[in-house]
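The values are calculated or read from the model by the stated rules, or taken from the named source; none is laboratory data. Computed from a predicted model, the values in this text were never measured in an experiment. Here the Cβ is made from the backbone with ideal geometry for all residues, glycine too, and neighbour counts use every protein chain on show.
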Amino acid sequence: MVLTGVVCTFYTALGGIKAVMWTDLVQMIIVFVAFCTLVVMATMEVGGFERVFEMAAAGDRLNFFNFNPDPTVRHSFWTLLFGGTGMCLTIYSANQAQLQRYLSCSTESVARRAIYLQMPLTFLFLCFLCLAGLVIYAFYSDCDPLLSGDIVKRDQLLPALVVRLFSARPGVTGLFVSCIFSASLSTVSSGINSLSSVVLEDLIKPWQPNLTERAAGWAARVLAVVLGLSTVGIGFLATNLPATVLQIVLSLFGIVGGPLLAVFSLGILVPWCNRYGALTGLLASLATTLGFSIAALIDPPPPDHRVFGTEGCYNGTDASNYTISTEHYSNWTVTTASLVARQRPVHWLSYLYYTPLALLVAMATGLAVSALTGFNRAKPVSLKLLHPRVWRLAAAGSVQVATVDDEAAAAEPAGEAGTAQSESIIPTTKSEHTPLNMELEFSSRHSAVHGTVDLMNQK
């Protein structure tokens, strides 16, 4: 872990966003090829695709259509539909690392093509992830490795499977290790670069507006080092958390990403929302998601994962271990049954619903506070910051709006401003939709968004 953090910090601090993106490309190729190869090999080892799906169906692992509307059910059709949609919106619309990549493209159309290109690849990779879970079940269906003592956390299921199947084959376990390291390096380096850019743009530059480019570049490098070391420390703390890594990550995305998505949505879709409404909505949604997560930690819901069997764990050499395991399994089953018999409290809300909940709370609070504080009539709202569907809504709501031409005219010297011709505030024809169809001078506006000017690359 320390080595991973040091390597990420080193090349992120020296190379900036360019180094991060090129290394991410290489690392993701390694992850994709290595993981897919390992999953296919493991599938063949346990009897092939047909055998894997037969065992999954027999063990009720292929229940795609659980339409239980209870929001406290951790995974159902509805939680995955609405909660998963909110999670994807957060990742693609309100994630600093993702926005950095969009704005690193030369034009808006290039960024759009990059998104369309990654969609089928992401879908294919998710299919392999699901297949990996089915392979794990097929291999351990008659002996739960957690109850037998082979592993201590469910995060270790896949590494344990690789070791059991391929320890005698040279290079295969190393392929898995390279996959793990590539994935971790990619994620950590992206986070360090994004955080350093946000701190520099939002905290340091407003405090030191006369900061030179050279000083800003060094500040970005120092921030990358400090944040990288902090990430290593947080990684050690995360090893002591009871939940799985995936659940922790998705919960954090819902707790923090949901309010961020809500603020972006308020700004894009609600032209009359003012800064007081946006800030209050952000704080209210953050307090709501934090409250639910803390309550779930104090009074956690019962585990909803289906345990494996234990009949295959017994042999003549480890009878004592088997006795302990079955006793633990019996106690766990009784405890789970008693918890399920309770009336499910509202704070057991599925973690996938954190993002939609934050969005609803922020929208309602932001609109209410904006109404109480006079809406947003004091200063013009740039059309390029609003969705085209709400342009006319903005005009109907008596909100001052400014086109790109208006902003350019306002930025011209006084002697030249009088020559600028006035433009219609709300375009009336498709050809006049210049704020989006002309790509908003995409590459020239990079410095207006967090992290889009890569100061780390400057020499």
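The rows are residues; the columns are (1) modelled with pLDDT of 80 or more; (2) surrounded by 13 or more Cβ atoms within 10 Å (Cβ to Cβ); (3) outside any helix (DSSP H, G or I); (4) basic (Lys, Arg).
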residue: PHE264; (1), (2), (3), (4): yes, yes, no, no
residue: ILE268; (1), (2), (3), (4): yes, yes, no, no
residue: PRO271; (1), (2), (3), (4): yes, yes, yes, no
residue: GLY281; (1), (2), (3), (4): yes, yes, no, no
residue: PRO301; (1), (2), (3), (4): no, yes, yes, no
residue: PHE308; (1), (2), (3), (4): no, yes, yes, no
residue: TYR322; (1), (2), (3), (4): no, yes, no, no
Only one of (1) surrounded by 15 or more Cβ atoms within 10 Å (Cβ to Cβ); (2) over 30 Å from VAL46 (Cα atoms); (3) at pLDDT below 85 is not met by ILE234, so which one is it? (1)
The one condition in (1) surrounded by 15 or more Cβ atoms within 10 Å (Cβ to Cβ); (2) modelled with pLDDT of 65 or more; (3) outside any helix (DSSP H, G or I) that ALA378 fails to fulfil: (1)
Go through (1) surrounded by 20 or more Cβ atoms within 10 Å (Cβ to Cβ); (2) not in a helix (DSSP H, G or I) one by one and return the number of the condition ARG169 breaks. (1)
Enumeration of residues in region 138-154 that are within 23 Å of ALA57 (Cα to Cα) and assigned to a helix (DSSP H, G or I): ALA138, PHE139, TYR140, PRO145, LEU146, LEU147, ARG154
Of the residues ARG61, ARG74, only one is modelled with pLDDT under 85, in contact with a Ser or Thr (Cβ under 7 Å, 6 or more places away or on another chain) and either within 23 Å of PHE176 (Cα to Cα) or surrounded by 14 or more Cβ atoms within 10 Å (Cβ to Cβ) (or both); which? ARG74
Residue match in region 92-112 (condition: part of a helix (DSSP H, G or I) and among the basic types (Lys, Arg)): yes
Quick check on my filter: what residues within region 191-242 are of a type outside the set (A, V, I, L, M) and under 25 Å from LYS153 (Cβ atoms)? GLY191, SER230, THR231, GLY233, GLY235, PHE236, THR239, ASN240, PRO242
For ALA295, are the conditions met, namely being modelled with pLDDT under 85 and either under 29 Å from ARG344 (Cα atoms) or surrounded by 15 or more Cβ atoms within 10 Å (Cβ to Cβ) (or both)? no
What is the residue count in region 37-46 for residues that are surrounded by fewer than 18 Cβ atoms within 10 Å (Cβ to Cβ) and either among the acidic types (Asp, Glu) or touching a residue at least 40 places away in the same chain (Cβ under 8 Å) (or both)? 3
Pick from LEU352, LEU339: which is crowded, with 17+ Cβ neighbours inside 10 Å, in a helix (DSSP H, G or I) and modelled with pLDDT under 90? LEU352
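Residue check: is TYR116 within 21 Å of PHE32 (Cβ to Cβ), under 11 Å from the mean Cα position of the chain (by Cα) and of a type in the set (Ser, Thr, Tyr)?
no
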Does ALA97 meet the test of being in contact with a Lys or Arg (Cβ under 7 Å, 6 or more places away or on another chain), surrounded by 15 or more Cβ atoms within 10 Å (Cβ to Cβ) and aliphatic (A, V, I, L, M)? no
What number goes with the only condition from (1) assigned to a helix (DSSP H, G or I); (2) farther than 21 Å from ILE91 by Cα that LEU195 does not pass? (2)
Given the conditions (1) touching a residue at least 24 places away in the same chain (Cβ under 8 Å); (2) more than 15 Å from LEU38 (Cα to Cα), report the number of the one that SER178 does not fulfil. (2)
Conditions: (1) assigned to a helix (DSSP H, G or I); (2) at positive phi; (3) loosely packed, with under 12 Cβ neighbours inside 10 Å; (4) not hydrophobic (A, V, I, L, M, F, W, C). GLY16 meets all but one. Number of the miss? (3)
Take the conditions at positive phi, outside any helix (DSSP H, G or I) and either of a type in the set (Gly, Ala, Ser) or in contact with a Ser or Thr (Cβ under 9 Å, 6 or more places away or on another chain) (or both) and apply them to GLY47. Does it pass? yes
